Amino acid sequence: MDQKVEVKNLLDQLKDVQALSETPRQPEIKLEKDQVEDFVIQQSSRLIKETNELILSMKDYIAHSPESKEILAISELIKASTAAIDTLNKINLSEKKNQNAKEMKKMDIESKKELKNTENETRITFTREEILKQLMQSSVSIESVTVDAKKLEPYPKLSGS
């Protein structure tokens, strides 16, 4: 009697597997250039998630399986999952590199603008006439004193000479 129940359970499981495998195919997706990156990220993420779930569900079965085919299949599955993760990582690194390059370019442009501004501020923009006019206006007049040489006393003699 137990054998009949086990056989019935196995047949039910096989029917469930067949029903799951007959899911309808999704329609073909047409993408625009700006949608490709999002599509790759979404599909890679989904693939990684499903692959990891499959690996976890098959882990116990594969550990006790005498067949090398199953071990080879799960190793290929792990390899595909690793490749998908690597692809996502490359996309992420490329995005960060592009963002850093943009920031560096902005900083470079800003520093060049700042140098130009300081260069313009320190450059003399006066003509010779304007400079002389400014000097004349800011100059202090010196009183002239005429000294009569005859009225000058001779230098006092130093002692010891």
Qualifying positions in region 23-47 - modelled with pLDDT under 75 and either within 11 Å of Leu88 (Cα to Cα) or part of a helix (DSSP H, G or I) (or both): Lys33
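Out of all the residues in region 84-104, is one or more at pLDDT 75 or above, more than 18 Å from the chain's Cα centre (by Cα) and part of a helix (DSSP H, G or I)? Spell out how you get there, then give the answer.
Taking region 84-104 first, the residues at pLDDT 75 or above are 84-104.
Subset that is more than 18 Å from the chain's Cα centre (by Cα): 84-85.
Retained after the next criterion (residues that are part of a helix (DSSP H, G or I)): 84-85.
Yes: region 84-104 contains one or more residues that are at pLDDT 75 or above, more than 18 Å from the chain's Cα centre (by Cα) and part of a helix (DSSP H, G or I).
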Could you list all residues from region 44-84 that are without any contact (Cβ under 8 Å) to a residue 40 or more places away in the chain, surrounded by 13 or more Cβ atoms within 10 Å (Cβ to Cβ) and under 22 Å from Leu31 (Cα atoms)? Leu47
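The values are calculated or read from the model by the stated rules, or taken from the named source; none is laboratory data. All values reported here derive from a predicted model rather than from experimental measurement. With ideal geometry, Cβ positions are generated from the backbone for all residues, glycine too; neighbour counts draw on all protein chains shown.
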